[in-house]
Amino acid sequence: MKNINLDITKATSFLKNDAVKSYESKVKAAQEALENGTCAGNDFLGWLHLPSSVTPAFLKEIEDEAKVLRANCEAIVVAGIGGSYLGARAVIEALGNSFSWLVNDDSKNPNILFAGNNIGEDYLSELTTYLKGKKFGVINISKSGTTTETALTFRLLRKQCEAQRGKEEAKKVIVAITDAHKGAARVCADKEGFKSFIIPDNVGGRFSVLTPVGLLPIACAGFDIKKIIDGARDMEKATGAHVAFEDNPSALYAATRQALYTQNGKKIEIIENFQPKLHYIGEWWKQLYGESEGKENKGLFPAACDFTTDLHSMGQWIQEGERSIFETVISIEKPNHTLLFPHDDDNLDGLNFLEGKRVDEVNKMAELGTRLAHVDGKVPNIRISVPELNEYYVGQLIYFFEKACGISGLLEGVNPFNQPGVEAYKKNMFALLNKPGYEAESKAIRERLDKEK
């Protein structure tokens, strides 16, 4: 099997000849700090050798539970926020049929729905209405069990599931993925007898795709989680500390983006695709890098675009706007389907010159033409080539980005594995809602709001 391939030539052309190579010793130090557990955030390095530590028994336990849910559910709601749902959604949407929810087939997989990632009353009302009368299950993903968005949603869904199916039947289709020993979700699962899986203490949410957090929903959607782990395991080997700098794709990606940031004045990285199925890969990537690197008033701003769609909106800005950006394009070499462009006698659209060509050939020329135009417009371009869109290569892609993120954050000089800034809005929200224990904060914030009137 081939590996995904990294092409940095259209980025390094904007840098001094030795700019990326100059990071070699720093990358080596970062790799050693990760391997030896001597870096900042070393209590959250469980993802580093996760693929190679996964056992067949572990995968079987997840697959067995997925079979139970698939056999008993028309729909499965994944309740989680951030890393507790983005990885699973990214993989499921990348691998799935774009129109599976419209297929009228009794043998099809259950619909995998996502909630607990917002507090939209209309969204939740419409979801609970859709689920009325349906056999549905819930996968509740939360280490603490008290994250507001997820806890609120889980309470709604649990009550509805028990009301529609009865408490005993609901026990079969409600699963908790949570802390091993503590937290509200753990207490609830033990008290109610829900099947549970553990979120490892040393794996942060945004690095948790290859734990039950991502693997159970992915298995429920009908995809081969063993192949995902195989891909991630092979990428773990390909990016190990023993691999030469110039042969290590994660090391090169981390070094190139940091060189563009520190030496070329680039402040924004735009992850792009020419395959609509990769939209949520971009969303997952945004969280992975934004939450890992955006600290101490430092860090590239991670943005995402879907091409060619966004070429008709963001394309003008990318081509001629402020030159503070660079692009990273995920390119799929071989699509899973073949569709040929037809002949039309009238040729009113003038497209008969494309007759007999695969639609993907047109797409690939749009991709190449865009890269050339943007490079001409002084936008550095990194290309990640993925041989096929399947479980194995998605597993590779996930680990490639995770490893590069760990290295890149250390090169930047921050702790890539914490997220202290995420707590600020929560404290204000709890104070405004008069949550017990936040009385002093409630008083202070209301006095502040009164002064601002």
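The values are calculated or read from the model by the stated rules, or taken from the named source; none is laboratory data. Quick caveat: nothing in here was measured; it's all calculated off a predicted structure. With ideal geometry, Cβ positions are generated from the backbone for all residues, glycine too; neighbour counts draw on all protein chains shown. Side chains are part of the model used for accessible areas, which takes the heavy atoms of the whole protein and leaves out ligands, DNA and RNA. Shrake-Rupley method; radii C 1.70, N 1.55, O 1.52, S 1.80 Å.
Key figures
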| item | result |
| --- | --- |
| Selection within the range 53-89 - over 24 Å from Ala115 (Cα atoms) and either open to solvent by less than 50 Å² (accessible area, probe 1.4 Å) or not in a helix (DSSP H, G or I) (or both) | Val54, Thr55, Leu59 |
| Residue check, Asp230 touching a residue at least 12 places away in the same chain (Cβ under 8 Å), in a helix (DSSP H, G or I), farther than 21 Å from Gly82 by Cα and more than 19 Å from the chain's Cα centre (by Cα) | no |
| Conditions (1) touching a residue at least 12 places away in the same chain (Cβ under 8 Å); (2) part of a loop (DSSP other than H, G, I, E, B); (3) open to solvent by 20 Å² or more (accessible area, probe 1.4 Å); number of the one not met by Lys26 | (2) |
| Criterion (of a type in the set (A, V, I, L, M), open to solvent by 70 Å² or more (accessible area, probe 1.4 Å), under 30 Å from Thr12 (Cβ atoms) and out of contact with any Lys or Arg (no Cβ under 8 Å at 6 or more places or on another chain)) met by exactly one of Leu368, Leu397, Leu433 | Leu368 |
| So Lys108, is it among the basic types (Lys, Arg) and either under 26 Å from the mean Cα position of the chain (by Cα) or in a strand (DSSP E or B) (or both) | yes |
| Of the criteria (1) in contact with a Pro (Cβ under 7 Å, 6 or more places away or on another chain); (2) within 20 Å of Ser53 (Cα to Cα); (3) not basic (Lys, Arg), which one Leu260 fails | (2) |
| In the range 150-191, the residues that are assigned to a helix (DSSP H, G or I), of a type in the set (Lys, Arg) and open to solvent by 30 Å² or more (accessible area, probe 1.4 Å) | Arg155, Arg158, Lys159, Arg165, Lys167, Lys171, Lys191 |
| Selection from the range 288-326 of residues that are within 25 Å of Glu412 (Cα to Cα), aromatic (Phe, Trp, Tyr) and open to solvent by less than 50 Å² (accessible area, probe 1.4 Å) | Tyr289, Phe326 |
| Of all residues making up the range 322-368, the number that are under 23 Å from Ile270 (Cβ atoms), part of a loop (DSSP other than H, G, I, E, B) and without any contact (Cβ under 8 Å) to a residue 12 or more places away in the chain | 1 |
| Within the range 90-103, considering residues that are open to solvent by 50 Å² or more (accessible area, probe 1.4 Å) and not polar (S, T, N, Q), the one modelled with the highest pLDDT | Glu93 |
| All positions within the range 369-400 that are of a type in the set (A, V, I, L, M, F, W, C), assigned to a loop (DSSP other than H, G, I, E, B) and within 27 Å of Ala238 (Cα to Cα) | Leu389 |
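Per-residue answers, yes or no, for (1) surrounded by 18 or more Cβ atoms within 10 Å (Cβ to Cβ); (2) within 26 Å of Ala189 (Cα to Cα); (3) at pLDDT 95 or above:
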site	(1), (2), (3)
Lys108	no, no, no
Phe114	yes, yes, yes
Asp122	no, no, yes
Ser125	no, yes, yes
Thr129	no, yes, yes
Phe136	yes, yes, yes
Asn140	yes, yes, yes
Ser144	no, yes, no
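Every residue, every condition in (1) surrounded by fewer than 19 Cβ atoms within 10 Å (Cβ to Cβ); (2) closer than 27 Å to Lys378 by Cα; (3) polar (S, T, N, Q); (4) at pLDDT 95 or above, yes or no:
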position	(1), (2), (3), (4)
Ser13	yes, yes, yes, yes
Glu32	yes, no, no, yes
Asn36	yes, no, yes, yes
Cys39	no, no, no, yes
Leu45	no, no, no, yes
Leu48	no, no, no, yes
Pro51	no, no, no, yes
